[in-house]
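The values are calculated or read from the model by the stated rules, or taken from the named source; none is laboratory data. The structure presented is a predicted model; accordingly, all values stated were derived computationally and were not measured. Every residue, glycine as well, gets a Cβ built from its backbone with ideal geometry; the counts of neighbours run over all protein chains shown.
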Amino acid sequence: MPQRLDSRLPQPLAMQSANVLLTQPQRAFSDWPRRRGAEVTVTQTKAQAEPKTWRLLVGAAFFTLIEPVAVTALVPWLLLPAHPAIAARAASLFGLAAIVCGALIYLRCAADFIFAGRGTPAPYDPPRFLVERGLYRFTRNPMYVGVVGAVAGEALLFHSRDLAVYALVLFVGFHLRVVYYEERVLRKTFGETFEAYCRRVPRWLWPR
């Protein structure tokens with residue numbers, strides 16, 4: 001009559017083997033709720049970290065009404081006389097083209113912030129991923145280029161020296177903000193990814 005496998009093993013080893021066979025399925029079964037709970041927790045964390053698209057759209061629209069509209073519409077309106085004159089035909093056409101292009105540039109960059117960066121143009125809700133697509137392939141700050149271009153177009157349209165000076169002041173202010181604040185934050189946030197992006201794409205439209 002064949003002997004059992006356990007009888008051929010030393011008694012302590014046979015008992016240990018039996019204990020392992022008994023406890024491993026129990027341990028696996030008892031660990032399943034914890035593993036399942038961990039997976040649910042990770043999924044919930046990712047869902048909470050990933051902002052909803054509608055919330056980003058609302059946030060971007062709210063910020064646009066506060067800052068870009070104020071910069072490109074309210075301040076120029078305050079700088080212009082009560083009844084501003086329109087420039088000659090050629091200058092007015094160039095001015096209108098610059099205004100439209102500036103507005104479209106801003107809207108495209110805001111859309112890239114929302115759908116690619118999962119953030120908004122607002123500094124209190126910035127993109128969570130580095131945006132490198134679209135107009136950001138040609139300059140690291142296309143949104144500022146669009147805003148300054150729109151104000152410069154208004155200066156042409158209304159033949160206003162005050163708006164031309166205002167556009168220049170805007171560009172200098174944007175440049176200082178980019179160099180001394182935004183790029184430092186981006187380097188700290190994205191590290192080598194941003195450094196590689198800086199080596200590929202110039203800060204403004206002209207190469208370094």
**Request:** Identify the residue in region 66-105 that is assigned to a helix (DSSP H, G or I) and of a type in the set (V, I, T) and, among all such residues, is surrounded by the most Cβ atoms within 10 Å (Cβ to Cβ).
**Result:** T72
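Listed here are the residues, each with its yes/no results for (1) closer than 25 Å to R55 by Cβ; (2) in a loop (DSSP other than H, G, I, E, B).
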residue: E132; (1), (2): yes, yes
residue: L135; (1), (2): yes, no
residue: T139; (1), (2): no, yes
residue: A150; (1), (2): no, no
**Request:** Tell me, yes or no, whether region 123-138 has at least one residue that is surrounded by 19 or more Cβ atoms within 10 Å (Cβ to Cβ), among the aromatic types (F, W, Y) and under 18 Å from the mean Cα position of the chain (by Cα).
**Result:** yes
**Prompt:** Any idea which of L157, L170, L176, L163 is assigned by TED's automatic domain parsing to the domain that holds L96 and farther than 14 Å from T72 by Cα?
**Reply:** L176
